[in-house]
Amino acid sequence: MNSKLILMAMSGGVDSSVTAALLKDAGHRLIGVTMKVWDAPEEVERRHGACCSLDDAEDARRVAERLGIPHYTLNTQNEFKEKVVDYFVSEYLKGRTPNPCVLCNSEVKFDYLFKKGASFGAELVATGHYARIGEFMGRKVILRGHDDTKDQSYFLFSIKPERLDSILFPLGGYSKTQVRAMADKYALPVAQKQESQEICFIPDNDYGRFIRSLPEGKNTPSGDIVDDTGKKIGVHKGYPFYTVGQRRGLGIGHSERLYVTAIEPERNRIVVGHKDSIYGKALLARGMNWFVPPQELAGLALTARIRHQGKDAPAQVTPGENNSATVEFESPQMSITPGQAVVLYHEDALLGGGWIEKKV
């Protein structure tokens, strides 16, 4: 076996710890790194189990000690705030619903890991994501993880294609149950550790509280809630605290269920309608990242996913100008939400993805 020097991203959780154990067992040389991205208040960390906490860094250090590999904690809080948190807040203030996990993976985690890996002389970067790297139509692509319930390929669509030769996802072929069993087998000190929250900087999931705690979110005035004819039927508490498709918490007394169909920051109003109003057959996406050039996708049976926990739906894709694309579905999709990601697949192969601009 050709032993390689690998920079191993260690979050202090079960997945990255087992990844490190597998690579060490395979004879590779590892350097473990933990990125400190956010300082949550201590009482919030304790109550909600925030990831990327001081406890997580200590857990990662203990695992590295158990495996006999060096470990470093890296402070990436400035990069994380600039590229993820500030983006998250600005998107909500524009009436959009962001997905910070995608940006964190591409703009912070992998960018920073490759920079640090180069300084250490590492040949590869490894993480504990449930995804795989393979080939499709002669090109390197990301493949779904074998465990459908844990597949994280959706979050990885924006990784630069040229980096796939230098990334390892060793857990892509395993289920979470198998990973837990391996954690016990390797006697890792985090074997029974529970899952962390997805949004590390809002572990209580109260987005409104978080945005209001920041200077730019303090003064978010109330405004009108209108129906699809423009008639006022209620008052909202600030448009950044709503999302397309939302039904609960609207504070509207009505004979039928109403859903948010549009958010209009320039008019400081929320538009609501009946359930059929939140369906759409097509969307415009920008900032597309292609693993296979779009002109080579003609004739392929494609599916698209518009949220991490959503289901794939058959679709056709037409590339546009300025790195945009129009995605048209065979059947209407619920809650096409500006700010979220649309990710394109052919069977298990992730072919590209981008950011939803609007329903068309």
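The values are calculated or read from the model by the stated rules, or taken from the named source; none is laboratory data. Quick caveat, the model's predicted, so the values are computed rather than measured. Virtual Cβ from ideal backbone geometry, glycine too; neighbours counted across all protein chains shown. Surface areas here come from the heavy atoms of the whole protein model, side chains and all, with no ligands, DNA or RNA. Shrake-Rupley method; radii C 1.70, N 1.55, O 1.52, S 1.80 Å.
Observations, loosely collected:
- Filter result (closer than 13 Å to G352 by Cα and either open to solvent by 40 Å² or more (accessible area, probe 1.4 Å) or out of contact with any helix residue (DSSP H, G or I) (no Cβ under 8 Å at 6 or more places or on another chain) (or both)) within segment 299-311: L302, T303, A304, I306
- Residue list for segment 337-354, restricted to those being farther than 15 Å from F136 by Cβ and part of a loop (DSSP other than H, G, I, E, B): T337, P338, G339, Q340
Table: residues versus (1) outside any loop (DSSP other than H, G, I, E, B); (2) farther than 29 Å from C104 by Cβ; (3) of a type outside the set (K, R).
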position	(1), (2), (3)
E195	no, no, yes
P203	no, no, yes
I211	yes, no, yes
D224	yes, yes, yes
V244	no, no, yes
L250	no, yes, yes
D276	yes, yes, yes
K281	yes, yes, no
L284	yes, no, yes
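- K94 being within 22 Å of Y207 (Cβ to Cβ), charged (D, E, K, R) and in contact with a strand residue (DSSP E or B) (Cβ under 8 Å, 6 or more places away or on another chain): no
- Residue, surrounded by the fewest Cβ atoms within 10 Å (Cβ to Cβ), within segment 143-169, restricted to residues that are within 16 Å of T19 (Cα to Cα) and free of Cβ contacts under 8 Å to residues at least 24 places away in the same chain: D151
- Contact map, segment 203-218: residues that are within 13 Å of S90 (Cα to Cα) paired with residues that are outside any helix (DSSP H, G or I) and of a type in the set (A, V, I, L, M), Cβ distance under 8 Å, separation 6+ or inter-chain. Pairs shown: F210/I202.
- Restricting segment 212-237 to residues that are of a type in the set (A, V, I, L, M, F, W, C) and open to solvent by less than 60 Å² (accessible area, probe 1.4 Å), the residue that is modelled with the lowest pLDDT: L214
- Hits in segment 170-215 - residues which are touching a His at 6+ places or on another chain (Cβ under 9 Å) and of a type in the set (D, E): E198, D204
- Summed over segment 317-342, residues that are surrounded by 15 or more Cβ atoms within 10 Å (Cβ to Cβ), without any contact (Cβ under 8 Å) to a residue 40 or more places away in the chain and closer than 22 Å to R144 by Cβ total 1.
- Some residue of segment 163-174 being among the charged types (D, E, K, R), at pLDDT 95 or above and touching a Lys or Arg at 6+ places or on another chain (Cβ under 7 Å): yes
- Residue list for segment 17-32, filter: small (G, A, S) and surrounded by 24 or more Cβ atoms within 10 Å (Cβ to Cβ): S17, A20, G32
- Close pairs (7 angstrom Cβ cut-off, 6 or more residues apart or separate chains): of a type in the set (D, E) in segment 90-115, part of a helix (DSSP H, G or I) and open to solvent by 20 Å² or more (accessible area, probe 1.4 Å) anywhere: E107/K83
- Segment 268-298 - residue that is of a type in the set (K, R) and modelled with pLDDT of 95 or more and, of those, least open to solvent (accessible area, probe 1.4 Å): R269
- Unique match (being farther than 18 Å from E123 by Cα and modelled with pLDDT under 95) among V18, V37: V37
- Selected residue [over 28 Å from M334 (Cβ atoms) and free of Cβ contacts under 8 Å to residues at least 40 places away in the same chain] from Q192, Q246: Q192
- Only one of P314, P240 that is open to solvent by less than 40 Å² (accessible area, probe 1.4 Å) and either in a strand (DSSP E or B) or touching a Phe, Trp or Tyr at 6+ places or on another chain (Cβ under 9 Å) (or both): P240
- Count of segment 122-142 residues, restricted to those that are at pLDDT 95 or above, open to solvent by 30 Å² or more (accessible area, probe 1.4 Å) and out of contact with any Pro (no Cβ under 8 Å at 6 or more places or on another chain), is 4.
- Candidates A183, A118: the one that is outside any loop (DSSP other than H, G, I, E, B), more than 22 Å from the chain's Cα centre (by Cα), over 30 Å from N323 (Cα atoms) and not acidic (D, E) is A183.
- Every condition in (1) open to solvent by less than 50 Å² (accessible area, probe 1.4 Å); (2) within 30 Å of N2 (Cα to Cα); (3) outside any helix (DSSP H, G or I); (4) not aliphatic (A, V, I, L, M) is met by P98 except one, and the failing one is (2).
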